[in-house]
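What follows is one structure encoded as structure tokens, with my remarks underneath.
The values are calculated or read from the model by the stated rules, or taken from the named source; none is laboratory data. Predicted model, so just to flag it, every value in this text is computed and none were measured. Here Cβ is always computed from backbone atoms with ideal geometry, including for glycine, and neighbour counts include all displayed protein chains. These area figures cover heavy atoms from the full protein model, side chains too; ligands, DNA and RNA do not enter into them. Shrake-Rupley method; radii C 1.70, N 1.55, O 1.52, S 1.80 Å.
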Amino acid sequence: MTAGIRVQENVALAPLTTLQVGGAARFFVEAKTEQDIFAALSFAEKRGVPIFVLGGGSNLLVSDAGFSGLVLKIGLRGIAFAKDKNEILLTAQAGEDWDSIVSLSVNKNLAGVECLSGIPGSVGATPVQNVGAYGQEVSETISSVRVLDCETKETANLTNAECGFAYRTSIFNSTHKNKFIVLNVTFRLKPNGQPLLRYADLQRFFAEKKVEQPSLSEVRQAVLQIRAAKSMVICDEDENRRSAGSFFKNTIVDLEKFAAIEAKARRLSLIDDKQNIPHFPTASDDRVKIPAAWLIEKSGFCKGYICGRVGISSNHTLAVINRGGATSNEVVEFVRQIQTQVKNIFDVELQPEPIWLGFE
């Protein structure tokens, strides 16, 4: 015990991640209170080692060498509700399971996060990556994020605007990376609100069932069903289960670049003269989003592609999987292979979604 916390040494990190690769943490602390977090920061400073904050381990690639600093697993728990005019504020501590929060919200008929069902990980990780799926992002409902400033050792409540949310981005993983530790998140939800049906897969799902106005619960179940079909819900019996979810971000390009990519695709007969590359609008009128899955598939990496002990999920092109016994280096080599091929064909740099730990 050190200052009231239990500091473990040489703790294997692979079992704490969904990809299940990588080495050990030199030091490891599970913080169940904010005081534990302060004590862990003090320990790391005295030892002169860096800190990495671990949530659910679902969006993480750990190097085979592991991490030479302190891995701090956030175990803060607690949920509270408050009313603000016609909306409900749900505050969840950072260590709460994310999907349990979605389930609770839907059961209470609170709209705002229903399309984010089935995403593994903890609440504290959601604002960091601005987690999104099926046409919804957490930034649309986050009211504030309570954080600990690792430099000043003070806590603060950051507004939605102060978090700097963008596609899969926030200040927590960009301009202020490693500065803050998320303590809790407050979500602004709508009682008896209508579910969000922006995403084509969901629209098709309910069109086939001839359901015009599905309930929040029906949308949650539909998302879970669609995710399960893509091996995006963790299941011990699924051969694709060892992954970090979608490994690559969708590509955002300006209209000139998009036209060049589409022209190249036609020259290579990847699409004909009557077809267009699949794409979606962004917040900016002069930029569009191209599905990374399309770029990967057209570069020769189909679902079920195998490369030794790693490969691509048989149900989801974006999921790089550990087929069993893979090393982190094998995952990295395979990822580089995909990136190189997409770059050579489309002149596009695919950006990984997971955090890479221990590769410095």
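Quick notes on this structure:
- Pair list, Cβ under 6 Å, 6 or more apart: region 93-110 residue closer than 10 Å to Arg220 by Cα, other residue open to solvent by 40 Å² or more (accessible area, probe 1.4 Å): Val106/Ser217
- Matching residues in region 255-280 - criterion: being open to solvent by less than 30 Å² (accessible area, probe 1.4 Å) and assigned to a loop (DSSP other than H, G, I, E, B): Ile271, Ile277
- Verdict on Lys83 being part of a helix (DSSP H, G or I), of a type in the set (Lys, Arg) and either closer than 22 Å to Val335 by Cβ or more than 25 Å from the chain's Cα centre (by Cα) (or both): no
- If you go through region 200-216 and pick out every residue that is under 28 Å from Ser314 (Cα atoms) and surrounded by fewer than 17 Cβ atoms within 10 Å (Cβ to Cβ), you end up with 7.
- Any hit, region 241-254, residues being open to solvent by 40 Å² or more (accessible area, probe 1.4 Å) and over 19 Å from Glu349 (Cβ atoms): yes
- Residue-level check: of (1) over 15 Å from Val342 (Cα atoms); (2) modelled with pLDDT of 95 or more; (3) open to solvent by 50 Å² or more (accessible area, probe 1.4 Å); (4) under 23 Å from the mean Cα position of the chain (by Cα), Ala283 misses just (2).
- From the list Val29, Val62, the one residue that fits, being free of Cβ contacts under 8 Å to residues at least 60 places away in the same chain, touching a helix residue (DSSP H, G or I) at 6+ places or on another chain (Cβ under 8 Å) and either of a type in the set (Phe, Trp, Tyr) or open to solvent by less than 20 Å² (accessible area, probe 1.4 Å) (or both), is Val29.
- All of (1) more than 21 Å from Glu137 (Cα to Cα); (2) open to solvent by less than 30 Å² (accessible area, probe 1.4 Å); (3) not in a loop (DSSP other than H, G, I, E, B) hold for Lys73 with one exception: (2).
- The combined condition, being under 27 Å from Lys108 (Cα atoms), in contact (Cβ under 8 Å) with a residue 24 or more places away in the chain and either polar (S, T, N, Q) or open to solvent by 20 Å² or more (accessible area, probe 1.4 Å) (or both), is fulfilled by Asn192.
- Residue count for region 290-303, restricted to those that are open to solvent by 60 Å² or more (accessible area, probe 1.4 Å) and in a helix (DSSP H, G or I): 2
- Selection within region 133-172 - in a strand (DSSP E or B), within 23 Å of Ile88 (Cα to Cα) and at pLDDT 95 or above: Gln136, Glu137, Ile142, Ser143, Ser144, Val145, Arg146, Val147, Ala156, Asn157, Leu158, Thr159
- Filtered by the rule that a residue be in a helix (DSSP H, G or I) and closer than 9 Å to Val62 by Cβ, region 17-36 gives no residues.
- Take the conditions (1) of a type in the set (Lys, Arg); (2) farther than 17 Å from Gly121 by Cβ; (3) at pLDDT 95 or above; Lys85 misses just one of them, which is (3).
- Looking only at region 304-319, and only at residues there that are among the aliphatic types (A, V, I, L, M), buried (at least 16 other Cβ atoms within 10 Å of the Cβ) and out of contact with any Pro (no Cβ under 9 Å at 6 or more places or on another chain), the one that is nearest to Ser246 (Cα to Cα): Ala319
- Restricting Asn344, Asn329 to residues that are open to solvent by 30 Å² or more (accessible area, probe 1.4 Å), more than 22 Å from the chain's Cα centre (by Cα), of a type in the set (S, T, N, Q) and at negative phi narrows the list to Asn344.
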